[in-house]
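The values are calculated or read from the model by the stated rules, or taken from the named source; none is laboratory data. Quick caveat, the model's predicted, so the values are computed rather than measured. Cβ coordinates were reconstructed from backbone atoms using ideal geometry, including for glycine residues, and neighbour counts include every protein chain displayed.
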Amino acid sequence: MAGRSYLWCWPSAEDGQQKWVTQDQATLVTQHGRLVKTLLGGDNLIEVNNLAADPLIKPAQIVDGAIWTRTMGWTGVPAGTLRHRTLSLQMGWHRYRQSRQR
């Protein structure tokens, strides 16, 4: 279809990371299902630290309330600017109630 862009990926695995290269040569790198690096031709995620402590490495062992803290680095605007942010994620199991209609 004209005017539409499609994502075609060719995955490869290296050092526990999966690299996905699209038809237009953009690269996405994932590890345990998390995006850890991009090469998109513009702003990019360049690093995520503390990946060894990522709870998704062993999802069956995630403890309710566990916290994962990591620092992410990315290129920004203006071009060439490097930015970092430290983020924390608290893991939790959400319980949903079903409402019954009578």
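Annotations for the structure displayed:
- Members of segment 53-81 found to be in a strand (DSSP E or B) and either acidic (Asp, Glu) or closer than 16 Å to Gly92 by Cβ (or both), listed by number: Ile67, Trp68, Thr69
- Only residues that are closer than 14 Å to Arg85 by Cβ and surrounded by fewer than 12 Cβ atoms within 10 Å (Cβ to Cβ) were counted across segment 28-49, and they come to 0.
- Restricting segment 33-52 to residues that are modelled with pLDDT of 90 or more and not in a strand (DSSP E or B), the residue that is farthest from Ala79 (Cα to Cα): Ala52
- Residue within segment 93-101 that is assigned to a loop (DSSP other than H, G, I, E, B) and either modelled with pLDDT of 85 or more or under 26 Å from Ala26 (Cβ atoms) (or both) present: no
- In segment 55-62 there is at least one residue matching the filter, namely being in contact with a strand residue (DSSP E or B) (Cβ under 7 Å, 6 or more places away or on another chain) and free of Cβ contacts under 8 Å to residues at least 40 places away in the same chain.
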